[in-house]
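Asker: Just passing along the structure, written as structure tokens.
Read-outs throughout are calculated quantities, based only on the coordinates presented, and are distinct from any laboratory measurement. Keep in mind the model is a prediction, meaning the values are calculated, not measured. Using ideal geometry, Cβ is built from the backbone for each residue, glycine included, and neighbour counts are taken over all protein chains shown.
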Amino acid sequence: MSINVPLEEMSIEEKIQRMETIWESLCAKADSMVFPPWHEKVLNEREERLRQGDDEFIDWDSAKKDIRNDIP
């Protein structure tokens, strides 16, 4: 299925509304979604690193700053 959305003509508010609509639709069907096996493996590995103290959560602003600093 192909849907053409006039992104360049939409306001930021309209874009956010569309994203929220899509997100709500995905969440409503989350129980029926099938994820690839590697996804569970990655999540389990991350959870284990947290448990062992090898990783930690940081706030979103810090994460964005780190990402920006890593980009050449």
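Asker: Of the residues that make up segment 2-13, is at least one aliphatic (A, V, I, L, M), surrounded by 10 or more Cβ atoms within 10 Å (Cβ to Cβ) and out of contact with any His (no Cβ under 8 Å at 6 or more places or on another chain)?
Answerer: yes
Asker: Take segment 16-43 and flag every residue that is surrounded by 10 or more Cβ atoms within 10 Å (Cβ to Cβ) and more than 30 Å from V5 (Cα to Cα).
Answerer: Matches in segment 16-43: E40, K41, V42, L43.
Asker: Given the criteria of a type in the set (D, E, K, R) and within 30 Å of P6 (Cα to Cα), does R46 qualify?
Answerer: no
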